[in-house]
Amino acid sequence: MPGQFDYYLLSMSWSPTYCLAHAEDRLQCGQRGLGLVLHGLWPEYESGRYPEHCGGEQYLPEDAYRLGRTLYPTAALMRHEWQSHGTCSGLQALDYFKTADRALAALRLPPILEAPTHDLRLTPPEIAAAFRAANPLLPGDGIRLACNRGQLAEVRVCLSRELALRSCGHAVRGNCPDSKVLVRSAR
């Protein structure tokens, strides 16, 4: 049911890793210098389940479309995220995208990940510690990392419905190895 959820999961993709597998995505991967990009703002339940495809307004009004295009790397991803997750927020499209914009603004990126000009090799705890150093209110269990073949793929941060940093539900997990992972250059 739209609007019935416990908290948000802010998911940001590491664009260089995404582009290795999706080189045909010219809109995102034809640009140089992208690091973390908005993948989505997902309503979540404490139980670990999450609502998806809640129906309602599927059409994106022009003002929502314009704002969404400033947040997501591609229009296709923006539409997909609205239909899959945004419709479950209980918000109209424009308000959902405004919430996603505020969620991004609530999180400071660590300087080391702003757009590195060379490849990095960091352990998941080092990456999480960099986020906590940049966001002192981020709980240790408020961030999860996803990897793909030993490379950083996504950073996921849990936020309250009011967009305050918070702990993630027990079922939100990362999948990175304990060893150093490759964080590909953004340039």
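The values are calculated or read from the model by the stated rules, or taken from the named source; none is laboratory data. As the structure is a prediction and not an experimental result, all values here were calculated from the model. For neighbour counting, all protein chains shown are included, and Cβ atoms are generated from backbone atoms with ideal geometry for every residue, glycine included.
A few notes on this one:
- Selected residue (only one of 126, 62, 81 is at pLDDT 95 or above, among the acidic types (Asp, Glu) and closer than 18 Å to residue 43 by Cβ): 81
- Summed over the stretch 158-186, residues that are farther than 21 Å from residue 139 by Cβ, part of a loop (DSSP other than H, G, I, E, B) and at pLDDT 90 or above total 5.
- Of the listed requirements (1) assigned to a strand (DSSP E or B); (2) closer than 30 Å to residue 4 by Cβ, residue 121 misses just one: (2).
This table checks each residue for (1) farther than 16 Å from residue 43 by Cβ; (2) among the acidic types (Asp, Glu); (3) in contact with a Phe, Trp or Tyr (Cβ under 9 Å, 6 or more places away or on another chain).
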position	(1), (2), (3)
105	yes, no, no
108	yes, no, yes
112	yes, no, no
118	yes, no, no
137	yes, no, no
143	yes, no, yes
151	yes, no, yes
163	no, no, yes
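- Cβ-Cβ under 7 Å pairs, at least 6 apart or on other chains, the stretch 159-187 side free of Cβ contacts under 8 Å to residues at least 40 places away in the same chain, far side among the basic types (Lys, Arg): 173/144
- Only listed residue being basic (Lys, Arg), closer than 18 Å to residue 39 by Cβ and exposed (fewer than 15 other Cβ atoms within 10 Å of the Cβ), chosen from 144, 173: 173
- Set side by side, the residues 72, 59, 65 differ, and just one is among the hydroxyl-bearing types (Ser, Thr, Tyr), out of contact with any Lys or Arg (no Cβ under 8 Å at 6 or more places or on another chain) and surrounded by fewer than 17 Cβ atoms within 10 Å (Cβ to Cβ), which is 59.
- Looking only at residues of the stretch 89-118 that are in a helix (DSSP H, G or I) and of a type outside the set (A, V, I, L, M), we find that the one that is surrounded by the fewest Cβ atoms within 10 Å (Cβ to Cβ) is 111.
- Residues within the stretch 10-40 that are under 17 Å from residue 102 (Cβ atoms) and either touching a Cys at 6+ places or on another chain (Cβ under 6 Å) or without any contact (Cβ under 8 Å) to a residue 12 or more places away in the chain (or both), tallied: 0
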